[in-house]
Amino acid sequence: MSNYCPEIYKGLFVDRWNDDHIKIAPCCQSVNAKTPTVDFNFKTNKHLQNLRKQFNQGKKPKECNRCWKDEDLGRISRRQRMIEFFDTDDTAIELGSLDHNATWACNSACIMCNPIDSSLWAVELKIKKEQLASIGRYHRADNTFLDKLDLSKLQKLHFKGCEPL
Ligand code: SF4
Ligand code: SF4
């Protein structure tokens, strides 16, 4: 398949959305979708399955435009780097790569950042409860999505979370 990407079958980006949902995508560069945490399943999730189906049909879904654009411009895309990393054309669905948006808590408010990525920006801007909830950052309880994942075959882990990490 000329559009093959191992992340479509093996990759997961995940970030919490308030206390009961998560944002998910095959990788952090692909457009994400919100889904309830409680019944998340890496193999059967609708958004991930829809992308897998399109890739299986040889399509290039718009959610992955960053890769297609990079390749059109002659740059090496994440897709191409991941083909090299996994060294396979396997389409078995098995979690092998996790992009984990680990934390929102940040004690900096860098000029180019925003309240979605930095808790201090949310404080500086005096963002209210309703606005926080509208950007998925109203956190009052655990949102233990990692418990939903089989990590036994993981080959690559990418912690996102900027300076606090
Ligand atoms: S954005 Fe690129 S690397 Fe990520 S899943 Fe899509 S094609 Fe693969
Ligand atoms: S350290 Fe990172 S997360 Fe924190 S404000 Fe700066 S850019 Fe944003």
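Residue count for segment 112-155, restricted to those that are β-branched (Val, Ile, Thr) and touching a residue at least 24 places away in the same chain (Cβ under 8 Å): 1. Scanning segment 21-39 for residues that are of a type in the set (A, V, I, L, M, F, W, C) and surrounded by 18 or more Cβ atoms within 10 Å (Cβ to Cβ) gives ILE22, ILE24, ALA25, CYS27, CYS28.
The residues of segment 67-84 that are under 29 Å from LEU146 (Cβ atoms) and either surrounded by fewer than 16 Cβ atoms within 10 Å (Cβ to Cβ) or not assigned by TED's automatic domain parsing to the domain that holds GLN29 (or both), listed by number, are GLN80, ARG81, GLU84.
For residues in segment 101-138 being under 30 Å from LYS153 (Cβ atoms) and out of contact with any helix residue (DSSP H, G or I) (no Cβ under 8 Å at 6 or more places or on another chain), which is nearest to ligand 1 (Cβ to nearest atom)?
Start the filter on segment 101-138 by keeping residues that are under 30 Å from LYS153 (Cβ atoms), which leaves 101-105, 117, 136.
Those still in the list that are out of contact with any helix residue (DSSP H, G or I) (no Cβ under 8 Å at 6 or more places or on another chain) too: 101-103, 117, 136.
Details: ASN101: 15, ALA102: 19, THR103: 22, ASP117: 19, GLY136: 21 Å.
Here the answer is ASN101.
The selection criterion, being farther than 19 Å from ASN32 by Cα, touching a residue at least 40 places away in the same chain (Cβ under 8 Å) and more than 16 Å from ligand 2 (Cβ to nearest atom), does not hold for ILE76.
Take the residues in segment 103-139 that are aromatic (Phe, Trp, Tyr) and assigned to a loop (DSSP other than H, G, I, E, B), then tell me which one is surrounded by the most Cβ atoms within 10 Å (Cβ to Cβ). Give the derivation first.
Looking only at segment 103-139, we keep the residues that are aromatic (Phe, Trp, Tyr), and these are 104, 121, 138.
This time we only want the ones that are assigned to a loop (DSSP other than H, G, I, E, B), so: 104, 138.
Numbers: TRP104: 21, TYR138: 17.
Out of the qualifying residues, it is TRP104.
Given the structure, is GLU63 assigned by TED's automatic domain parsing to the domain that holds PRO36, touching a Leu at 6+ places or on another chain (Cβ under 7 Å) and surrounded by 12 or more Cβ atoms within 10 Å (Cβ to Cβ)? When the stated conditions are applied, GLU63 passes them. The listed residues are ALA109, ALA133, and the only one of them that is outside the structural domain of ALA25 (by TED's automatic domain parsing), away from ligand 2 (no atom under 11 Å from the Cβ) and of a type in the set (Gly, Ala, Ser) turns out to be ALA133. Close contacts from segment 24-43, counting a first residue that is in the same structural domain as LYS10 (by TED's automatic domain parsing) and farther than 18 Å from ALA102 by Cβ and a second that is outside any loop (DSSP other than H, G, I, E, B) and aromatic (Phe, Trp, Tyr), with Cβ to Cβ under 9 Å and a gap of 6+ residues or different chains, come to PRO26/TYR9; PRO26/PHE13; SER30/PHE13; LYS34/TRP17; THR35/TRP17.
Yes/no per residue for (1) more than 10 Å from ligand 2 (Cβ to nearest atom); (2) under 30 Å from ARG78 (Cα atoms):
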position: ASP90; (1), (2): yes, yes
position: THR103; (1), (2): no, yes
position: TYR138; (1), (2): yes, no
position: ASP147; (1), (2): yes, yes
position: HIS158; (1), (2): yes, yes
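The values are calculated or read from the model by the stated rules, or taken from the named source; none is laboratory data. The model shown is predicted, which means the values in this text are computed figures rather than measured ones. Methodologically, a virtual Cβ is constructed for each residue, glycine included, from the backbone with ideal geometry; neighbour enumeration extends over all protein chains shown.
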